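The structure appears below as structure tokens.
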Amino acid sequence: MGAVRVLGGALIAVEFLTPLRLRKVQTYDDRTFAEALGWYPFAGLLIGLILALLDLGLRELLPPGPTAALLVATLALLSGGLHLDGVADTADGLAVQGDRARRLGVMSEGNTGPAGVMALVLVLLAQWSSLASLPEDARLAALLIAPVIARWTVVPVGLLFPPARPRGLGHAIHAGLWPLAAPLATLIAVVVATVTFGLAGLVLIALGGVAAVLVAAAAARMLEGVTGDVFGAAIEIAQVVVWFAVIASVGRGWAAPLLGT
């Protein structure tokens with residue numbers, strides 16, 4: 001029964017992090033939902049596979065710019081805009097001139113203000129430019145690994161920062177990392193990283209983790225903790241940082257993909 005519960009977490013993760021619905025919509029208690037955190041990188045791998053297949057199909061039809069635009073749009077759709085919403089809400093909350101309660105209130109309202117719009121534009125521009133610039137021989141590996149590492153970053157962020165609210169997604173993540181979710185998520189990320197880039201993949205994990213932690217640290221300083229929106233923002237930033245790192249490292253010969261097209 002324990003194994004069934006653990007494997008069931010994969011479905012919960014996929015249904016939460018993507019619009020894919022393999023069964024009727026369900027609600028879960030905090031413990032069950034928290035155990036699914038270990039499968040977040042698996043959901044990222046599914047997203048990466050879809051992006052890689054789309055990229056392969058478009059490569060002979062369109063130049064890099066339009067292909068990258070379609071990949072960005074697909075990525076947003078595959079994540080249901082969940083993490084992009086986190087980017088906007090986090091930027092709006094941190095831009096508020098007020099106390100912690102005021103910042104959290106703005107983030108929970110969900111109305112995108114000037115800071116949120118600017119943050120979204122910058123993140124989407126960074127995604128488009130990185131996807132348009134990925135080296136040919138590294139595109140498959142990069143499209144697979146970045147969504148995986150990005151969704152793994154819930155582990156370091158959840159371990160290092162307390163939840164800003166006594167309930168909600170941030171609290172569930174923080175409370176559910178042990179004993180299973182953090183090790184499982186890390187194992188999946190390490191396996192995919194080494195299969196795609198070898199030992200260099202571990203460096204990419206570290207870079208993605210550092211990027212996410214820096215985002216969370218900036219938010220936690222003002223919010224006295226992190227929220228679900230902060231996790232979403234950290235995921236989006238980490239994803240872009242991994243793609244930028246691939247472009248820089250492969251272009252200079254510091255890393256070589258083990259999976260090519």
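The values are calculated or read from the model by the stated rules, or taken from the named source; none is laboratory data. Please read these numbers as outputs of a predicted model, since none were measured by experiment. In this analysis, Cβ positions are derived from the backbone assuming ideal geometry, glycine residues included, and neighbour counts consider all displayed protein chains.
Being touching a helix residue (DSSP H, G or I) at 6+ places or on another chain (Cβ under 8 Å) and of a type in the set (S, T, N, Q) is the filter; apply it to the range 68-103 and report the residue that is modelled with the lowest pLDDT.
Checked the range 68-103; the qualifying residue modelled with the lowest pLDDT is S79.
For every residue, the table says whether it meets (1) in a helix (DSSP H, G or I); (2) at pLDDT 95 or above; (3) farther than 16 Å from D229 by Cα.
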{"position": "P66", "(1), (2), (3)": "yes, yes, yes"}
{"position": "M107", "(1), (2), (3)": "yes, no, no"}
{"position": "W128", "(1), (2), (3)": "yes, yes, yes"}
{"position": "I145", "(1), (2), (3)": "yes, yes, yes"}
{"position": "V148", "(1), (2), (3)": "yes, yes, yes"}
{"position": "P156", "(1), (2), (3)": "yes, yes, no"}
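How do the pairs read when you match residues in the range 132-153 that are without any contact (Cβ under 8 Å) to a residue 12 or more places away in the chain and crowded, with 24+ Cβ neighbours inside 10 Å with residues anywhere that are part of a helix (DSSP H, G or I) and of a type in the set (G, A, S), using Cβ under 9 Å and keeping only pairs 6 or more apart or on different chains?
From residues that are without any contact (Cβ under 8 Å) to a residue 12 or more places away in the chain and crowded, with 24+ Cβ neighbours inside 10 Å, there are no pairs.
Based on what the data block shows, is A238 buried (at least 21 other Cβ atoms within 10 Å of the Cβ), in contact (Cβ under 8 Å) with a residue 60 or more places away in the chain and either aliphatic (A, V, I, L, M) or part of a helix (DSSP H, G or I) (or both)?
Values: buried (at least 21 other Cβ atoms within 10 Å of the Cβ): yes; in contact (Cβ under 8 Å) with a residue 60 or more places away in the chain: yes; either aliphatic (A, V, I, L, M) or part of a helix (DSSP H, G or I) (or both): yes.
Criteria met by A238.
Are there any pairs with C-beta distances below 7 angstrom linking a residue in the range 243-261 that is in contact (Cβ under 8 Å) with a residue 40 or more places away in the chain and part of a loop (DSSP other than H, G, I, E, B) to a residue that is crowded, with 21+ Cβ neighbours inside 10 Å and charged (D, E, K, R), with the two at least 6 apart or on different chains, and if so which?
Once the first residue is in contact (Cβ under 8 Å) with a residue 40 or more places away in the chain and part of a loop (DSSP other than H, G, I, E, B) and sits in the range 243-261, its partners that are crowded, with 21+ Cβ neighbours inside 10 Å and charged (D, E, K, R) give T261/R139.
How many residues, within the range 195-224, are touching a helix residue (DSSP H, G or I) at 6+ places or on another chain (Cβ under 7 Å) and either surrounded by 19 or more Cβ atoms within 10 Å (Cβ to Cβ) or without any contact (Cβ under 8 Å) to a residue 40 or more places away in the chain (or both)?
The number of residues fulfilling the criteria is 17.
If you take the residues in the range 77-113 that are surrounded by 13 or more Cβ atoms within 10 Å (Cβ to Cβ) and acidic (D, E), which one is farthest from L17 (Cα to Cα)?
D92
Specify which of the listed residues (R221, R165) is over 30 Å from P63 (Cβ atoms) and not in a helix (DSSP H, G or I).
Numbers: R221 fails: not in a helix (DSSP H, G or I).
Checking each option against the conditions leaves just R165.
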